[in-house]
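See structure below.
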Amino acid sequence: MDFSTVLITGGTGLLGRHMKPLIPEAQFPGRAEFDVTDPSKMAAYLFRRTISTIFHAAAFTSPPKINEKPRLALEVNIVGTANLVRVCMERNIKLLYISTDYVFKGDTGMYNEDDPLLPANKYAWSKLAGECAVRMYDNSLIIRTSFGDTVFPYDKAFVDQWTSRLRVDVLAKKLLKLLESDLTGTLHIGGKRQTVMDYAKSVSPDKPIGTLSLKDVTFVAPRDTSLNTSRYDSRFDE
């Protein structure tokens, strides 16, 4: 694949920063150049450029901050994604969209791609709305996942929330395989089911991490959004 024709939104974010060393020839425009909330700016950037694939990682992702600023999530996660879908439709560009495990209710865990969706908070609703826009375009792939930094960034971790979270550098390598594939539709990527505390200890084994419960936070967080990743694993023999 010619990665010089790949454009990655959110290039300065956590995921974008770990994708760049893997595919340095790809295009990583900043928001000043390629703002998903500004269709005219996107069109100006794409003018006379050859883009085959857009990997959409830009998003407003903090549940508590989105509760405070829901309009910003509306503009970035919902309207911005719809704008990008329209751009891809007009130019026949393949779209890969990073969604979240939080689109599920969180009462059972080990969710398949086709299981019912019921977000627990406004962040998750905004990402599901983005999924709805992407589903209007056949040449697209929705990627549901959960990831964190290479070190656990917080002083406390949930002991009663289960996840399939991956370290971002591990996820980046898996996503590279998707960029090179012809897959469309929806796909789950993640690690083993474990508590957030177990995940935190695995990435920062020498760091003292305090305990946190879902009942201790002011925002609603689902209990178990672990993902069944067998579809990805079987495709790529992992």
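Numerical summary
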| quantity | calculated |
| --- | --- |
| DSSP bridge orientation in the chain - percent antiparallel, rounded to nearest 5 | 5 |
| Across Lys69/Lys192; Lys20/Lys122; Lys69/Lys127, pairs whose alpha-carbon gap is larger than 26 Å | Lys69/Lys192; Lys20/Lys122 |
| Debye equation applied to the C-alpha atoms of the chain, log10 I(q)/I(0) at 0.07 Å⁻¹ | -0.22 |
| Contour minus Cα-Cα distance for Lys201 and Thr150 (0.36 nm per residue) | 17.2 nm |
| Distance between modelled label sites at Asp233 and Ser181, nm, 7 Å Cα→Cβ extension | 1.4 |
| Whole-Å semi-axes of the ellipsoid equivalent to the range 1-80 (Cα gyration tensor, √5λ, descending) | 24, 16, 8 |
| Relative contact order, percent, the chain [alpha-carbon distance under 8 Å, six or more residues apart] | 20 |
| Three-way shape label, the range 75-130, alpha-carbon gyration tensor, a/c 1.5 | oblate |
| Order of Leu72, Leu187 under a 10 Å beta carbon neighbour criterion, fewest first | Leu72, Leu187 |
| Sequence-separation-based contact order of the range 116-226, relative, with Cα cut under 8 Å and 6+ spacing, percent | 36 |
| Ranking of Lys20, Lys127, Lys173 by count of other Cβ atoms within 10 Å, fewest first | Lys173, Lys20, Lys127 |
| Extension gain (nm, one decimal) between Arg71 and Lys192, 0.36 nm per residue minus Cα-Cα | 40.1 nm |
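Bear in mind these aren't lab numbers, they're just calculated from the coordinates by the rules spelled out. Remember, predicted model here, so these are calculated numbers, not experimental data. Using ideal geometry, Cβ is built from the backbone for each residue, glycine included, and neighbour counts are taken over all protein chains shown.
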